[in-house]
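The values are calculated or read from the model by the stated rules, or taken from the named source; none is laboratory data. Small disclaimer: the values here were computed from a predicted structure and weren't measured. Methodologically, a virtual Cβ is constructed for each residue, glycine included, from the backbone with ideal geometry; neighbour enumeration extends over all protein chains shown.
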Amino acid sequence: MAQSLLIDDLSKILIQDDLLLESCLKVLSAGGYQIALVQSSDGRMTGIVTDSDVLKALLRGIGLQDSVVLVLNDKPKIVRENSLATIEILL
């Protein structure tokens, strides 16, 4: 069964690439989507971070005071703006 995922306010999950992992975890928790979009200081998207990425990083020894850049996925699968009305995630 598929469920549509609509994110009504991207600012809830948008973070800067100079953020610490600890702060990223707060965004992941507060955003409610288990994902954060990472952008550079010039506004370019540099990747995504999921709660799973953070867990794996902690298990590898990366600390909460380390940069989110050490954890982000810089080659996420994306959907172009006009290709789909919604993104469906299989649960």
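Computed quantities for the displayed model
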read-out: Of all residues making up segment 1-32, the number that are at pLDDT 90 or above, small (Gly, Ala, Ser) and part of a strand (DSSP E or B); value: 0
read-out: Residue check, Asp66 out of contact with any helix residue (DSSP H, G or I) (no Cβ under 8 Å at 6 or more places or on another chain) and not β-branched (Val, Ile, Thr); value: no
read-out: Conditions (1) surrounded by 10 or more Cβ atoms within 10 Å (Cβ to Cβ); (2) over 19 Å from Asp9 (Cα atoms); (3) at pLDDT 90 or above: number failed by Ile35; value: (2)
read-out: Boolean, Lys77 is at pLDDT below 90 and touching a Gly at 6+ places or on another chain (Cβ under 8 Å); value: no
read-out: Cross-chain or 6+ apart pairs with Cβ under 7 Å, segment 19-45 first and among the acidic types (Asp, Glu), then exposed (fewer than 13 other Cβ atoms within 10 Å of the Cβ); value: Glu22/Gln65
read-out: Residue check, Ile89 β-branched (Val, Ile, Thr) and either surrounded by 15 or more Cβ atoms within 10 Å (Cβ to Cβ) or at pLDDT 90 or above (or both); value: no
read-out: Matching residues, segment 42-72, being closer than 19 Å to Ser29 by Cα and hydroxyl-bearing (Ser, Thr, Tyr); value: Thr50, Ser52, Ser67
